[in-house]
1. Rounded to the nearest 5, what % of DSSP beta bridges with both residues in segment 46-155 are antiparallel?
2. Quick check on my link table: of K55/K145; K145/K210; K56/K86, which ones sit more than 23 Å apart, alpha carbon to alpha carbon?
3. Which value in Å is the Kirkwood Rh of segment 46-155 over different Cα pairs?
4. Are there trypsin sites (Lys or Arg not before Pro) in segment 138-169 that DSSP marks as loop and that have at most 16 other Cβ atoms within 10 Å, and which are they?
5. Among all the aspartates and glutamates, which ones have a C-alpha under 18 Å from K256's C-alpha, if same-chain residues fewer than 8 places away are not counted?
6. With the Cα gyration tensor of segment 176-320 giving a ≥ b ≥ c as the square roots of its eigenvalues, does the rule (a/c under 1.5 for rounded; else a/b larger than b/c for prolate; else oblate) give rounded, prolate or oblate?
7. Past the 26 Å Cα-Cα mark, which pairs from K129/K222; K195/K274; K46/K216?
8. List R79, R236, R318 from most exposed to least, where exposure is judged by having the fewest other Cβ atoms within 10 Å.
Amino acid sequence: MANIHILIRTILTITVSAMTLTSIAQDARSLITAGNFPLPFLHSKKNITIKGNIKKLYKNPADADVFSFQYDDLISNQRIVIPVSKDTAGNFTVTFQINGYQEIDLSQAVLFDSEIRHTGSSDFSFFAKPGQTIEFDYYISADHKIYTKNFKGIDAGVNNQTRAYRDALAASEFDPLIDFALSDSLIQGLDVFKKYASRRLKEGLVFNRKYFKAHKVQEFVKQQADFEMYYSVGQRVLFTILHNRLSDSTLNDFFKENSIKINNPQAYGNYAYKNFLSQYYSLLEHQVFNKATDININLADLASFILANHPELTATDRSLALKLTDTIKKPENVETEAFYPKKFIRIIRV
């Protein structure tokens, strides 16, 4: 089932790109007319099982001895949180559904005024595919001197290989790939920063080639390692433009020159790719809707378009969209806002 807000956001991106944007700056036009912001692919969900043992004896006063698995779902546009129920020995088994492969975080909850919140930082991430059983043991001693993380079982290969690669990357000069201080200050200007980012990407990819020549791994591991390089650089360039309140009419040229694909279904479950897409849309929204004072979308027309072209809508969203097509009985404000968040665009109610 598709989430209506994802559909609307993507449709409006395409709709706005088709308009004659005489009131919008050329830098925004170059982003929009690319027309390649991807509609997420709809996959049927299948079960995965994650089991193992978690013993984190090191205590941080702000942390709770409560864990969860989390990932960002591109289809629902939500952060999915699956609580982990451990026994007294630290053993657990969790089964849930995912749509396509996902990079999943093991996250520890935090205490906030005696309330447990699943908003803590990630301890580590791993990859899972529908139908798999992922098994691992995770241990940290009370003095933090012993740290072990081992994946076991038939599906352990990808994650153990990824862990070894990331350990090697962390010990290299390429973690992080981009110096955040240069991104924040941008002393020498955007063009110089982009050349620096391009050079670092090439150097990082050379590191990957050398590492994987020396270490035999599955092709999936190589692919994801490269995705992390491409999209961490792409995301940082986008962040730099937004953070410094800049515009860049050659941004898509930069992406093409560095083989950073905006629409890349093979990267669907990769965190770096998801962060890149989120930053890309934030920039697109900023460049367009902060400047386009004369763009309005007819709410009833938008609802009719979605009903006609997206039969995969949930029953709740379909019912809501039908209400918005009624030009006689005006929708309530609460229904309008439920159908479409106000922050994205000005909407004409007919």
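Every number here is computed from the coordinates shown, using simple stated rules; none is lab data. Values in this document were obtained by computation on a predicted structure and should not be read as measured data. When we count neighbours, we look across all protein chains shown, and the Cβ atoms used for this are built from the backbone with ideal geometry, even at glycine.
1. 80
2. Table pairs above 23 Å Cα-Cα are K145/K210.
3. Computed over Cα pairs of segment 46-155, the Kirkwood hydrodynamic radius comes out at 14.6 Å.
4. Within segment 138-169, the qualifying trypsin sites (Lys or Arg not before Pro) (loop, at most 16 other Cβ atoms within 10 Å) are K145.
5. Here the aspartates and glutamates satisfying the reach criterion relative to K256 are D27, D191, E203, D226, E228, D248.
6. Oblate is the answer for segment 176-320, as a/c is 1.5 or above yet b/c matches or exceeds a/b.
7. K46/K216
8. R79, R318, R236
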